[in-house]
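The structure under discussion appears below in the form of structure tokens.
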Amino acid sequence: MSTDNQLRTHSDRVVDTLLDSLRRNDMRAFADQWAPDGVMEFPFAPPGYRVLNGRDDVWDYVKDYTATIRLDEITEHRRHHTLDPTVVILEFSAKGVLVQTNSPYVMDYVGVITIGPDGIRHYRDYWNSLAVVAAMGGMDALMAGFTAKTADD
């Protein structure tokens, strides 16, 4: 059985790797931080925005990310350790460029991340969807850029 310190160290290592992958625009490494059945959800996203179920779904979501947004700077502001050593609340900012329009991309994020032995089990990504909508040129552009069709479509 792992101690709280061991679990917290593991959680920090996963978060460090996650941030590093964003700094390097390495979306494969980003997706690889998820557990095979880990979930990523966007509580503040517009209606119809998808929930990602599993590492493969996360990869499908981010694999073309760098064709939409080039990240130039990721700044960690705060990392909050919780009473549960497997849960981290991460505040960070991203700066970059929207590739198609060459417009600046500046976004603050808060992630509530639950980490298990095989990677991220649950990630709740709290981002300002209205800022992204404006930066990307409207709701249709946002949904087209970050929403995959399902087998039911």
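Just so you know, all these numbers are worked out from the coordinates, no wet-lab data involved. Quick caveat, the model's predicted, so the values are computed rather than measured. Cβ: placed from backbone, ideal geometry, glycine included. Neighbour counts: every protein chain shown.
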Exercise. With θ set to phi - 60° and the Karplus curve 6.51 cos²θ - 1.76 cosθ + 1.60, what are the ³J(HN,Hα) couplings of the stretch 69-76 in order, to the nearest whole Hz, using x for Gly and Pro?
Worked result: 10, 9, 7, 9, 8, 10, 10, 7
Exercise. Using θ = phi - 60° and the Karplus curve 6.51 cos²θ - 1.76 cosθ + 1.60, what whole-Hz ³J(HN,Hα) does each residue of the stretch 25-31 get, with Gly and Pro shown as x?
Worked result: 6, 9, 6, 5, 5, 4, 5
For this session: Averaging sequence separations of C-alpha pairs under 8 Å and six or more residues apart, then dividing by the length of the stretch 4-146, give the relative contact order as a whole percent.
Result: 24
For this session: Using a 10 Å cut-off on Cβ atoms, rank the peptides 35-43, 3-11 from the highest mean neighbour count down.
Result: 35-43, 3-11
Exercise. Order of V106, V88, V97 from fewest to most other C-beta atoms within 10 Å?
Worked result: V106, V97, V88
Problem set entry | Protection proxy ranking, peptides 22-28, 98-104, average beta carbon neighbours within 10 Å, highest first | 22-28, 98-104
For this session: Please work out whether the stretch 4-146 counts as rounded, prolate or oblate from its C-alpha gyration tensor, where a ≥ b ≥ c are the square roots of the eigenvalues and a/c under 1.5 means rounded, while otherwise a/b larger than b/c means prolate and anything else oblate?
Result: prolate
For this session: With only Lys, Arg, Asp and Glu charged, each at its Cβ (+1 for the first two, -1 for the last two), find how big the charge dipole of the stretch 4-146 is about the Cα centre; round to the nearest 20 debye.
Result: 180
Exercise. Rounded, prolate or oblate: which one fits the stretch 14-86, using the alpha carbon gyration tensor with axes a ≥ b ≥ c (rounded when a/c is under 1.5, else prolate when a/b beats b/c, else oblate)?
Worked result: rounded
